[in-house]
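Q: Structure in structure tokens, see below.
The values are calculated or read from the model by the stated rules, or taken from the named source; none is laboratory data. Everything numeric in this text was worked out from a predicted model, so none of it was measured. As a convention, Cβ positions derive from the backbone with ideal geometry for all residues, glycine included, and neighbour counts pool all protein chains shown.
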Amino acid sequence: MNELVGYLVSGVALGSSFALIGSGFVVVHRVTRVVNFAQGSLAVLGGMLSASLLGGRLPHGVGELVAVVVCGAVGLLMGILAVGRRGTPPLISLIVTLGISLLASAAIIWLWGQDPVSPPGLSGSMTILGASVERQRLLVLVATLLTFAALALVFSRSYLGKALTASASNPFAARMVGIDVRRMGLVAFALAGVLGGLAGVLVAPTNALSFSSDLPLALSGFAAAVFGGLTSPLRTLVGGLCLGVAGQLTAGYLNGSYQTEVALLLMLVIMIARSKSFVAEEAK
Amino acid sequence: MLTIDRVSRHYGGVYANRDVTLRVADGELRGIIGPNGAGKSTLFNLIAGHTRPDAGSISLAGQRIDRLPAHSRARLGVAIVFQGARLFPGMSLLENVMVGAHSRTRAGVLAAALRTPYQRREERETQALAADCLERVGLLSWAARPADSLPLGQQRRLQVARALAGRPRLLLLDEPASGLRSEERSQLAELITELHRTGTTILLVEHDVGMVTSLAQQIAVLDLGRVIADGTPDEVTSDPAVVKAYLGTGAHHAAR
């Protein structure tokens, strides 16, 4: 029982970071039709930055915030490279993001070396249902839920959210009513940078990150996004949590090295099962 | 209001528009007619910014707009209603119209996102404006329904409502009556008359020549990308060049 609760909590925490990374995929894909391959690198960057900043004596809260903001700026830069030129086809942009992710890995090795890095997080643990749970893992869940609530508010209430949704729904019509669709694409990339960075900052204290963590994180995040049809942030959250829990249960009861394979398998199953809805989506 | 000066646009060797010159006065309702392939739609796309001219210039109230992207022209007050549906399918009718209103009433996107204290009141005002625009096109009772649930004729009216919400200075209507039943046509004609009366400058492209001649004070006729006549409805319909364009050269010779 204790074991199970432990696995569930760590699964939910890990799944939260998948959901954050996945929502980054969703935000960018909705507006630009581009799958941002560099989304995992943003999470790694976030974790590395917060480790260095906190190690450089920045207080907790400030160090993490600066790391997330820098990731947002890096996301914006990625956007400028990938979709900044008017009329770039989504497939070309996708290749650009793939190139950026390779470059980012190199940059991360250059700046932080090859060893895994783990910033200090919320210390201590508490007992839930007889199981000892690290407080950092709870922080991840709470921060993720708050972020998704904020996202929902932005999308439903603000002009920015409506403009993003309109650009996603019909770019031509959005231009007709005065929305700068290209700028909305850049905003989406910046937002994806913030979400990816936040995921890295939150997950790194419990799961050390290295330059090669970007692919497993991106795959799991993408699987969560696929669960949301690459359009729904809420279903991405659900998908991410399920994936995290499934991964931790596999790691706990079977073998820890199967985690990424579980994510891949689930993604395949979901994609095949939902292939019809994808086709319908493309046809619109 | 609108000055189009010797504008040309060609695709390969084919001119869709050639040396088109038109001056539309403030508050005017100008009709544009012409046979299929005359270049009417290209002209609209050039004005709205969905294509760029190869030569010539387009100015709105003295400001050159022909190099501006489409969204900037929309912000300057150029609204276009296409024949086909150009809506936001996932959103309700009211939301569709609100998006049209937002982009004109607010300056910067980020500034708007940060101005939370004003947010609620402004949101209410925008909603009221959107509801008003829906009422003017007779769609208010459907406000909460998703836009893609509407039949085509009403989707076009929704486009008109969305355009109105942006308080356009220049409204481009591309065959608004096509596919409408006769009662819908007369409602549309009433709406256009009312918009004209309240000071909106309107360019109306229409296949229904009867509708254009009854609404517009002045009509330009396009044929093979050129303006072949420009005058009052009576002048234009009796112009031999126009008759020839509409009947085709073969018919013209046969009539002799």
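Q: Give me a count of the residues in the stretch A:205-241 that are among the β-branched types (Val, Ile, Thr) and buried (at least 22 other Cβ atoms within 10 Å of the Cβ). If you could, list the steps in order and put the result at the bottom.
A: Residues of the stretch A:205-241 that are among the β-branched types (Val, Ile, Thr), as a first pass: A:206, A:226, A:231, A:236, A:238.
With the extra rule that they be buried (at least 22 other Cβ atoms within 10 Å of the Cβ), the set shrinks to A:226, A:236.
Looking only at that region, the number is 2.
Q: May I ask you to list pairs of residues, at least six apart or on different chains, whose Cβ atoms are under 7 Å apart, with the first in the stretch A:162-173 being under 14 Å from B:HIS102 (Cβ atoms) and within 8 Å of chain B (Cβ to nearest Cβ) and the second being buried (at least 24 other Cβ atoms within 10 Å of the Cβ) and of a type in the set (Val, Ile, Thr)?
A: A:LYS162/B:VAL99; A:ALA163/A:ILE179; A:ALA166/A:ILE179; A:ALA166/B:VAL99
Q: Then there's this: Among the residues of the stretch A:40-57, is any closer than 24 Å to A:THR260 by Cβ, β-branched (Val, Ile, Thr) and touching a Gly at 6+ places or on another chain (Cβ under 8 Å)?
A: Yes - at least one qualifying residue is present in the stretch A:40-57.
Q: Inspect the stretch A:137-160 for any residue being in contact with a strand residue (DSSP E or B) (Cβ under 6 Å, 6 or more places away or on another chain), in contact (Cβ under 8 Å) with a residue 24 or more places away in the chain and not hydrophobic (A, V, I, L, M, F, W, C) and give the result as yes or no.
A: The initial filter retains those residues of the stretch A:137-160 that are in contact with a strand residue (DSSP E or B) (Cβ under 6 Å, 6 or more places away or on another chain), namely none.
No.
Q: Among B:GLY27, B:GLY56, B:GLY31, which is modelled with pLDDT of 90 or more, in contact with a His (Cβ under 9 Å, 6 or more places away or on another chain), over 16 Å from A:PHE172 (Cα atoms) and of a type outside the set (A, V, I, L, M, F, W, C)? Break it down into steps so the answer makes sense when it comes.
A: Working: B:GLY56 fails: in contact with a His (Cβ under 9 Å, 6 or more places away or on another chain); B:GLY31 fails: in contact with a His (Cβ under 9 Å, 6 or more places away or on another chain).
Only one candidate qualifies: B:GLY27.
Q: Same structure, new question: Condition first: within 16 Å of the chain's Cα centre (by Cα), aliphatic (A, V, I, L, M) and outside any strand (DSSP E or B). Now tell me which residues in the stretch B:168-222 satisfy that.
A: Passing the criteria: B:ALA177, B:LEU188, B:ALA189, B:LEU191, B:ILE192, B:LEU195, B:MET211, B:VAL212, B:LEU215, B:ALA216.
Q: Need a quick list: helices (runs of 4 or more DSSP H) entirely within the stretch A:129-202 having at least 3 residues that are polar (S, T, N, Q).
A: On the way: elements: A:135-157, A:159-169, A:171-176.
Filter on the stretch A:129-202 gives A:135-157, A:159-169.
Q: Would a scan of the stretch B:62-78 turn up a residue that is touching a Phe, Trp or Tyr at 6+ places or on another chain (Cβ under 8 Å), within 14 Å of chain A (Cβ to nearest Cβ) and modelled with pLDDT under 90?
A: If we filter the stretch B:62-78 for residues that are touching a Phe, Trp or Tyr at 6+ places or on another chain (Cβ under 8 Å), which is where we start, we get none.
Looking for residues that are touching a Phe, Trp or Tyr at 6+ places or on another chain (Cβ under 8 Å), within 14 Å of chain A (Cβ to nearest Cβ) and modelled with pLDDT under 90, one finds none in the stretch B:62-78, hence no.
Q: Right, another one. Give the stretch A:174-195 a look and list any residue that's of a type in the set (Gly, Ala, Ser), facing chain B (nearest Cβ under 10 Å) and within 24 Å of the chain's Cα centre (by Cα), or say none. First the steps, then the outcome.
A: Taking the stretch A:174-195 and keeping what is of a type in the set (Gly, Ala, Ser), we get A:174, A:178, A:185, A:188, A:190, A:192-193.
Imposing the further condition that a residue be facing chain B (nearest Cβ under 10 Å) reduces the set to A:174, A:178.
Result: no residue meets the conditions.
Q: Quickly run through the stretch B:92-130 and pick out the residues that are modelled with pLDDT of 65 or more and touching a helix residue (DSSP H, G or I) at 6+ places or on another chain (Cβ under 6 Å). Give the steps one after another, and end with the answer.
A: Here is the first cut: in the stretch B:92-130, the residues modelled with pLDDT of 65 or more are B:92-102, B:117-130.
Answer for the stretch B:92-130, where residues must be modelled with pLDDT of 65 or more and touching a helix residue (DSSP H, G or I) at 6+ places or on another chain (Cβ under 6 Å): B:LEU93, B:LEU94, B:ASN96, B:VAL97, B:MET98, B:VAL99, B:GLY100, B:ALA101, B:HIS102, B:THR126, B:LEU129, B:ALA130.
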